[in-house]
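The values are calculated or read from the model by the stated rules, or taken from the named source; none is laboratory data. Not measured: the values here are computed from a predicted model. Here the Cβ positions follow ideal geometry from the backbone for every residue, glycine too, while neighbour counts run over all protein chains shown. Heavy atoms of the whole protein, side chains included, go into the accessibility calculation; ligands, DNA and RNA do not. Shrake-Rupley method; radii C 1.70, N 1.55, O 1.52, S 1.80 Å.
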Amino acid sequence: MERPSIKEDTISRLFLILNIIKTIAKRKTGNVRKKVFLKITLHNFRLLFLKEFDKIILGIDPGTNVLGYGLIGITGKKINLISTGVVRMSKLENHQLKLKKIFESITHIIEEYYPDEVAVEAPFFGKNVQSMLKLGRAQGVAMAASLVKDLPIEEYSPRKIKQSITGNGASSKEQVAAMLLSILKLNALPKELDASDGIAVAVCHHFQNGQQSQSSYSGWKDFLKNNPKRTS
């Protein structure tokens with residue numbers, strides 16, 4: 001999706017103003033016109049803010065109960081954290097509703113932040129077959145939501161992500177989080193480790209800088225061509 005094209009200090013100011021508008025927009029008001037005005041203002045200002053980045057990357061850490069995501073903006077050699085969060089699904093009644101929630105949530109994130117590329121953590125192969133099947137479906141739905149928007153998408157193994165961030169593929173989540181604080185020059189990361197994992201996926205993708213990853217797809221047709229057994 002094409003974003004409708006300052007510099008480090010300007011980006012910081014835009015980010016601050018964007019958060020102020022978002023806070024105001026969330027406040028309850030009975031005035032319908034005011035609600036519409038705030039919604040339009042928030043949308044237009046977000047586009048202005050996003051235009052300042054050379055590239056925006058969406059990182060996704062798939063899960064069946066909690067999905068983590070992180071968006072980073074690249075300006076030259078600087079990496080800015082744009083947004084991060086989790087999608088909670090533990091209270092949903094069945095697996096089908098969880099998949100629907102994942103698809104809708106990723107679609108909303110893409111339409112809100114206009115990422116240029118998407119990176120997804122590949123499932124970790126464990127002994128529980130049922131859990132692996134469910135996790136694989138969650139990853140597939142997250143990928144599908146990106147592919148239908150014709151966004152290039154790449155997969156990275158958990159070990160590759162850790163190695164890219166810390167230099168050690170066996171690093172703990174805490175060690176990865178500590179390195180992200182240093183890389184992004186932040187005082188704190190989200191309390192949810194799943195959100196931090198989403199950020200790590202995005203940063204890992206940026207560090208690869210076009211190198212061939214575990215799996216790479218330029219769109220839905222490319223995915224179908226390279227995965228006939230997964231779609232039959």
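Numbers below:
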{"item": "One residue from GLY76, GLY70, GLY63 being modelled with pLDDT of 60 or more, small (Gly, Ala, Ser) and in contact with a Gly (Cβ under 6 Å, 6 or more places away or on another chain)", "result": "GLY70"}
{"item": "Selection within region 135-153 - open to solvent by 40 Å² or more (accessible area, probe 1.4 Å) and not in a helix (DSSP H, G or I)", "result": "VAL148, LYS149, ASP150, PRO152"}
{"item": "Top-ranked residue of region 154-177 - restricted to ones that are over 24 Å from MET143 (Cα atoms), in a helix (DSSP H, G or I) and among the polar types (S, T, N, Q), ranked as most open to solvent (accessible area, probe 1.4 Å)", "result": "GLN175"}
{"item": "Verdict on SER105 being in a loop (DSSP other than H, G, I, E, B), under 30 Å from LEU181 (Cβ atoms) and among the small types (Gly, Ala, Ser)", "result": "no"}
{"item": "Breaking point among (1) in contact with a Ser or Thr (Cβ under 7 Å, 6 or more places away or on another chain); (2) among the acidic types (Asp, Glu); (3) closer than 17 Å to ALA195 by Cα, for GLU154", "result": "(3)"}
{"item": "Pairs with Cβ under 6 Å, 6+ apart, first in region 72-100 and over 16 Å from LEU186 (Cα atoms) and of a type in the set (Lys, Arg), second open to solvent by 50 Å² or more (accessible area, probe 1.4 Å) and in a strand (DSSP E or B)", "result": "none"}
{"item": "Enumeration of residues in region 104-125 that are more than 12 Å from TYR156 (Cβ to Cβ) and over 13 Å from the mean Cα position of the chain (by Cα)", "result": "GLU104, PHE125"}
{"item": "Exclusive hit being in contact with a Gly (Cβ under 8 Å, 6 or more places away or on another chain) and closer than 29 Å to LEU99 by Cα, set LYS162, LYS173, LYS134", "result": "LYS162"}
{"item": "Failed item, numbered, when SER131 is tested on (1) among the polar types (S, T, N, Q); (2) more than 20 Å from the chain's Cα centre (by Cα); (3) at pLDDT 90 or above", "result": "(3)"}
{"item": "Residue within region 55-65 that is charged (D, E, K, R) and surrounded by 24 or more Cβ atoms within 10 Å (Cβ to Cβ) present", "result": "yes"}
